1. Across the stretch 77-112, what is the number of residues that are closer than 15 Å to residue 64 by Cα and polar (S, T, N, Q)?
2. Just to confirm my filter: which helices (runs of 4 or more DSSP H) fall fully inside the stretch 1-107 and include at least 1 residues that are surrounded by 10 or more Cβ atoms within 10 Å (Cβ to Cβ), under 33 Å from the mean Cα position of the chain (by Cα) and in contact (Cβ under 8 Å) with a residue 24 or more places away in the chain?
3. Can you tell me which of 57, 62, 87, 130 is over 30 Å from residue 33 (Cβ atoms), at pLDDT 90 or above and among the small types (Gly, Ala, Ser)?
4. Residue by residue through the stretch 4-63, note down the ones that are touching a Phe, Trp or Tyr at 6+ places or on another chain (Cβ under 8 Å) and hydrophobic (A, V, I, L, M, F, W, C).
5. Working carefully through the options 119, 148, find the one that is loosely packed, with under 10 Cβ neighbours inside 10 Å and either within 30 Å of residue 34 (Cβ to Cβ) or touching a Gly at 6+ places or on another chain (Cβ under 6 Å) (or both).
Amino acid sequence: MQPSLPQLPPQPAWLKEFKAFIMRGNVIDLAVGIIIGAAFTTIVGSLVTDIFNPVLGLLLGGIDFSNVFIVLAGERLPTLEATRDGGAAVIALGIFLNACINFVIVGFAIFWLIKVLSRFKEKQPDAAPGPTTSEVLLTEIRDLLKTRAP
């Protein structure tokens, strides 16, 4: 005789619904998309900060965009970080410009990704095929016979 396993308490209905919700394909796809998006954002941030901004700054006369800022109140120090640490109120135009460049790059990359993926997507038939010629003729014959019958 084998010992019986202890019985687990019944699962609440909401837990079953939650499991069904989580295991749906689109929820898992969304989670994967968010994880890949976070990694992609890091790459794009590095691309803008480490590649585009130095080249753009060099072309515009050696401007470091991370240190382009306007002091509203307080003392202006050599860097944005030092000025903020000194308690000054600043508008960080360079940081905003970096964010705008990031947005454009991400949008452009997503546009091309969707464009490429849509080519691989199977084409769905537009509509169900209509009746064949013989089906149309048989329908007309049936209708004529119905009108003749007394």
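1. 2
2. Numbers: elements: 13-22, 25-46, 53-59, 80-85.
By residue number, 25-46, 53-59.
3. On the way: 57 fails: at pLDDT 90 or above; 62 fails: at pLDDT 90 or above; 130 fails: at pLDDT 90 or above.
Going through 57, 62, 87, 130 in turn, just one is over 30 Å from residue 33 (Cβ atoms), at pLDDT 90 or above and among the small types (Gly, Ala, Ser): 87.
4. 27, 56
5. Working: 148 fails: either within 30 Å of residue 34 (Cβ to Cβ) or touching a Gly at 6+ places or on another chain (Cβ under 6 Å) (or both).
Going through 119, 148 in turn, just one is loosely packed, with under 10 Cβ neighbours inside 10 Å and either within 30 Å of residue 34 (Cβ to Cβ) or touching a Gly at 6+ places or on another chain (Cβ under 6 Å) (or both): 119.
The values are calculated or read from the model by the stated rules, or taken from the named source; none is laboratory data. Everything numeric in this text was worked out from a predicted model, so none of it was measured. All Cβ positions, even for glycine, are placed from backbone atoms using ideal geometry, and neighbour counts span all protein chains on display.
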